Amino acid sequence: MKITKYLILILFIWSCSSESGNGESVITTDDGPLTVTNPLLDFTVPANFPDATYSILQNPPTEKGFELGKKLFYDGQLASDGVVSCGFCHIQSFAFTHHTHITSHGVDGQIGTRNAQPLHNLAFMNEFTWDGAATFLDTQPIIPITSEVEMNETVSNVILKLAADDTYPTLFEEAFGSEGVSADRMFKALSQFMVMMVSANSKFDKLERGEAVTFTDQENAGRAIFDAKCASCHAGALQTDQSYRNNGLAMDPVFNDIGRERVTGLPDDNRKFKVPSLRNIEVTFPYMHDGRLATLEDVLNFYTDGMVDSPTLDEQFRRPDGTFGIDITPEEKVQLIAFLKTLTDNDFIEDRRFSEF
Amino acid sequence: MKKYFTLLVGIASLLTACNNDESNTATPDPGSLSLTFENIVNGASLSMSPTTYINNTNETYAVSELKYIISNIRLIKPDNSTYTYPVEDSYFLINEDGNKTVNLSNIPVDTYAGITFGFGVDPTQYPIESGTLNFIPFAEEAGMLWTWSAGYKFLKFEGVYSSATAPDDETTFVYHVGSHGANLDNYKEITLSFGEFQIASENTISQTIQFDVAKIFDSIYTLSLEEKNDVQVDPINAPKIAENVSTAFSILE
């Protein structure tokens, strides 16, 4: 009789186990039912940040979901060659960018056309990739998994591999409270891992929040120039207004990347790319959507002297005399770079929670 | 014996305890609805290439591929209240060369008089609801995913055509319609009413919905293949096709 009661209890938990698997859940193992504690992780919006765009309530990060997401992120099985993991192109010490190559390298050493983006504060972004092709963080990984020049796989095959794996079925069950390796759960777990990647502890953030830090004179001077000449686009705590703009880069004849126009089909969006966050910019070199600029000095020299005109060039760069660019003196460039380095968040770059080993 | 009976009832009610809409134990067992999508031209079943048809622009066309996504099914009762089919199970692919039937199970016993469904995937709802991303591998295998943008093709319509002026000149055409990022939403909802029917316990009712292929070209808008034979991420023509499609469904009474 006791056993039956126990059974009812388990059945009850099963029938009610929520997909998010928060709290406790009972899973089946070879040795019978096992209670797994899977506490919710604390996702807090930093005081100087806007609201999250990711719907945390629909997919609340849990300890086991995060661990599963992290394992997937660093697993070459998501690629056709079993080697190129997400973490291969998104390396933590470079704020999850890749910089041994200018544009990213994937399976069989194939070269992509774009520079791997940093991964941080993704829970606050409206759209993803340089042209906003992905509208949800949950679906974004479809792009690298299926791209021939990245992981060259299919989602269907990844699910087959994971379901046949020794450990994944148990990890999926622990994370979601019931049996089943599925695409939905894989994407949700990857999101739980990526959503937790909040970078908000740079010197810049601390100053914004009124914590006990001070800027040097040079950093302060740099900040004033930045506010006047850059912050209209690289705006706010996220360091981007999330719009798409053409900042005057010459068209690379090899890649011939039309930017946002690929997504919308609108000629007005030709050569526009998402304004990148400048957070951790010190370590995310090389710069721009195709990584054509190696250093921050190169970037500033480009803004003063390297722009080319085109019909969609942002109006802010047009000078009254018909030339284009931003006026910055050599001394101001030094000050700007000092300020840009206050955006480096070492706590994030060194956070053991996100590291592969 | 009585003890065990109580126990069984207990287990049964616990098992359904979480489907809280229908927690009443007196509810009769649900029934099923089988919806077949029949693709037609000129009132008769579509025949694939090499059979040809003529559109209102006098272009002769033959169809080599026709697939579309149906989603978010809701059944409408005579009093206009609705039964929403579980969203995560509510994505279906209709393929002229494959499956054209949507099997909806576990439908509450009731009288129904209409249906609302989506053409494509609602970008405002997707993929928030748990389970909806499980449609991805399926759509991927059917070639209905724009993998580069992680978005769906709602309609894949391909074939060859020739114009009236150059009838021997066969050219391929490609219509791939979906939403364009967050910029352009081509998802459409279609509501059709039909004669009242009863879903009965453990019974399957069959209904046929016809999709008039000719209306892809000629309905609210008239589209010429000669003018544009390759529509993919096309902000001008894709919305026109989506609107035409939204007029192309009807119930076969």
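The values are calculated or read from the model by the stated rules, or taken from the named source; none is laboratory data. As the structure is a computational prediction, the values presented were derived from the model and not from experiment. FYI the Cβ positions are ideal-geometry reconstructions off the backbone, even for glycines, and counts take in every protein chain you see. Remember, those area values only see protein heavy atoms, side chains included, never the ligands or the DNA or RNA. Shrake-Rupley method; radii C 1.70, N 1.55, O 1.52, S 1.80 Å.
Values for this structure:
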quantity: Angle in degrees between helix B:237-246 and the longest Cα principal axis of chain B, rounded to the nearest 10; calculated: 50 degrees
quantity: 10 Å Cβ neighbours from other chains, averaged over peptide A:136-142; calculated: 5
quantity: Helical mean residue ellipticity (222 nm; -39500 (n - 2.57) per DSSP H run of 4+; nearest 500) of chain A; calculated: -8500 deg cm²/dmol
quantity: Kirkwood hydrodynamic radius over Cα pairs of the protein assembly as shown, then Stokes diffusion coefficient at 10 °C and 1.306 mPa s, in µm²/s; calculated: 58 µm²/s
quantity: Cα gyration tensor, the range A:203-347 - rounded (a/c under 1.5), prolate or oblate; calculated: prolate
quantity: Percent carbon-and-sulfur accessible area, the protein assembly as shown, ignoring ligands, DNA and RNA, probe 1.4 Å; calculated: 52 percent
quantity: The range A:114-158 residues near the modelled B:ALA182 label - backbone nitrogen below 14 Å, point 7 Å along Cα→Cβ; calculated: A:122-140
quantity: Pair A:GLU179, B:GLU189: separation of 7 Å Cα→Cβ label points (nm); calculated: 3.7 nm
quantity: Net charge dipole size for chain A [Lys, Arg +1 and Asp, Glu -1 on Cβ; Debye, nearest 20]; calculated: 440 debye
quantity: Average projected area [Cα convex hull, the range B:172-246], square nanometres; calculated: 7.4 nm²
quantity: Dipole of the protein assembly as shown [Lys/Arg +1, Asp/Glu -1 at C-beta], most positive-end residue of B:MET48, A:CYS89, B:THR171; calculated: A:CYS89
quantity: Cβ-defined net charge surrounding A:ASP108, 14 Å radius [Lys, Arg +1; Asp, Glu -1]; calculated: -4
quantity: Taking chain A and dividing mean pair separation by its residue count, relative contact order in percent (alpha carbons under 8 Å, at least six apart); calculated: 19 percent
quantity: Karplus 3J(HN,Hα) series, Hz, for the range B:164-174 with 6.51 cos²θ - 1.76 cosθ + 1.60 (x for Gly, Pro); calculated: 5, 6, 10, x, 8, 9, 8, 10, 7, 10, 9
quantity: Gained length - B:ASN203 relative to B:THR116, 0.36 nm times residue gap less alpha-carbon distance; calculated: 29.2 nm
quantity: √(5λ) per eigenvalue of the Cα gyration tensor, the range A:5-198, largest first, Å; calculated: 31, 21, 12
quantity: 3J(HN,Hα) from dihedral phi, the range A:78-91, Karplus parametrisation 6.51/-1.76/1.60, rounded to Hz, x for glycine, proline; calculated: 6, 10, 5, 8, x, 10, 6, 8, 4, x, 5, 9, 10, 9
quantity: Per residue solvent-accessible surface (Å²) - the range B:29-251, probe of 1.4 Å; calculated: 40 Å²
quantity: Residues A:MET251 and A:GLU331, FRET efficiency given R0 of 25 Å [Cβ-Cβ distance, rounded to 0.05]; calculated: 0.20
quantity: Full-stretch length increase - A:ARG318, A:LEU57 - with 0.36 nm per residue and alpha-carbon distance subtracted; calculated: 89.5 nm
quantity: Formal net charge of residues neighbouring A:THR37 (Cβ-Cβ distance under 15 Å; K, R +1; D, E -1); calculated: -4
quantity: For B:GLY151, distant residues with modelled amide H under 5 Å away; calculated: B:TRP146
quantity: Estimated dipole of the range A:260-334 in Debye, rounded to 20 [Cβ of Lys and Arg +1, of Asp and Glu -1, Cα centre]; calculated: 380 debye
quantity: Calculated [θ] (222 nm, deg cm²/dmol) that DSSP helices of n ≥ 4 give over chain B, each run adding -39,500 (n - 2.57); calculated: -4000 deg cm²/dmol
quantity: Prolate/oblate/rounded call for the range A:197-241, Cα gyration tensor, a/c under 1.5 rounded; calculated: oblate
quantity: For chain A, alpha-carbon Rg and Dmax in angstrom; calculated: 22.9, 91
quantity: Net charge contributed by nearby residues that have their C-beta within less than 11 Å of A:LEU300 (K/R +1, D/E -1); calculated: -2
quantity: Whole-Å distance, taken between Cα centres, linking the range A:108-160 and the range A:291-314; calculated: 26 Å
quantity: In Hz, Karplus ³J(HN,Hα) per residue of the range A:205-215 (6.51, -1.76, 1.60; θ = phi - 60°; x = Gly, Pro); calculated: 4, 4, 5, 4, 8, x, 7, 6, 9, 10, 7
quantity: A:PHE124 accessible area, assembled protein chains, probe 1.4 Å, Å²; calculated: 0 Å²
quantity: Chains B and A together, accessible area buried on both sides, 1.4 angstrom probe, square angstrom; calculated: 2900 Å²
quantity: Overall form of the range B:29-251 per C-alpha gyration tensor (a/c, 1.5; a/b vs b/c); calculated: prolate
quantity: FRET efficiency estimate (nearest 0.05) - Cβ-Cβ, B:SER81 to B:SER34, R0 22 angstrom; calculated: 0.45
quantity: Relative contact order (%) - criterion: Cα under 8 Å, at least six apart; region: the range B:72-175; calculated: 22 percent
quantity: Label zone at A:ALA47, where the point sits 7 Å out along the Cα-to-Cβ direction: the range A:196-212 residues whose backbone N lies under 15 Å; calculated: A:200-212
